[in-house]
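The values are calculated or read from the model by the stated rules, or taken from the named source; none is laboratory data. If you're wondering where the values come from, they're calculated on a predicted model, not measured in any experiment. Cβ coordinates were reconstructed from backbone atoms using ideal geometry, including for glycine residues, and neighbour counts include every protein chain displayed. What goes into the accessible areas is simple: the full protein's heavy atoms, side chains included, and nothing from ligands, DNA or RNA. Shrake-Rupley method; radii C 1.70, N 1.55, O 1.52, S 1.80 Å.
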Amino acid sequence: MIERDGVAGVSHRVVSQEAGLPSSATTYYFSSLGDLLTAALTSVMEEDSRRMRRLSSGGDRRRDLAVLLSEVVKEPGRLLAEYELFLLAARRPHLREATDGWLAAVRAFAHRYTDDPVRARVVAGAIDGLLLHSLLTEHKPSADEFEGFLKDLLPDPE
């Protein structure tokens, strides 16, 4: 639903209809719309964080991350929903635990290539920036392009 209608389109009634449940079902599990959105944000960010953490082990994984990023931008609906939820977390600090997990996972990936905490933060910002830019243009970076970005941001250790 968030992919299609954005956060503003989420209501207990609409979620119940989408799930094929009675209108009271979502209010039984989620006392407020905020609780429902928190659950959605947490679920999405935990899944993305797990995928990123899997890439943080063994060998040079920049190509693997590049392939994953290129796949993400090909079907932008989920990505758009994730950034809508990111913005919701920016307005509601209690939601930031989930987004913090994503940022920590990206920085952990970067720390495989650098000990510099500033570079790790730059990498996390660059990845999110590249993904956001892909939502704003018709051009979707290929795995080769993402790999080039990552190799520029995270050069081979000397």
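When restricted to residues that are open to solvent by 60 Å² or more (accessible area, probe 1.4 Å), of a type outside the set (Phe, Trp, Tyr) and either in contact with a Ser or Thr (Cβ under 8 Å, 6 or more places away or on another chain) or outside any loop (DSSP other than H, G, I, E, B) (or both), the stretch 112-156 contains 14. Within the stretch 121-150, being over 17 Å from the mean Cα position of the chain (by Cα) and modelled with pLDDT under 95 holds for THR137, GLU138, HIS139.
Summed over the stretch 11-65, the residues that are assigned to a helix (DSSP H, G or I), of a type in the set (A, V, I, L, M) and within 19 Å of the chain's Cα centre (by Cα) give a count of 9. In the stretch 77-97, the residues that are within 25 Å of GLU138 (Cα to Cα) form Cβ pairs under 7 Å with partners that are buried (at least 17 other Cβ atoms within 10 Å of the Cβ) and at pLDDT 85 or above, at six or more places apart or across chains, as follows: LEU79/VAL72; LEU79/VAL73; LEU79/LEU131; PHE86/THR99.
Of the residues making up the stretch 54-81, those that are crowded, with 18+ Cβ neighbours inside 10 Å and under 10 Å from GLU147 (Cβ atoms) are ARG62, LEU65, ALA66, LEU69, SER70. Across the stretch 120-139, the qualifying residues are those that are out of contact with any Lys or Arg (no Cβ under 6 Å at 6 or more places or on another chain) and not aliphatic (A, V, I, L, M), and the one among them that is nearest to PHE109 (Cα to Cα) is ARG121.
Screening the stretch 99-111 for residues that are small (Gly, Ala, Ser) and surrounded by 20 or more Cβ atoms within 10 Å (Cβ to Cβ) and picking the one that is nearest to GLU147 (Cα to Cα) gives ALA110. Scanning the stretch 1-22 for residues that are touching a Ser or Thr at 6+ places or on another chain (Cβ under 7 Å), of a type outside the set (Lys, Arg) and surrounded by fewer than 13 Cβ atoms within 10 Å (Cβ to Cβ) yields a single hit, PRO22.
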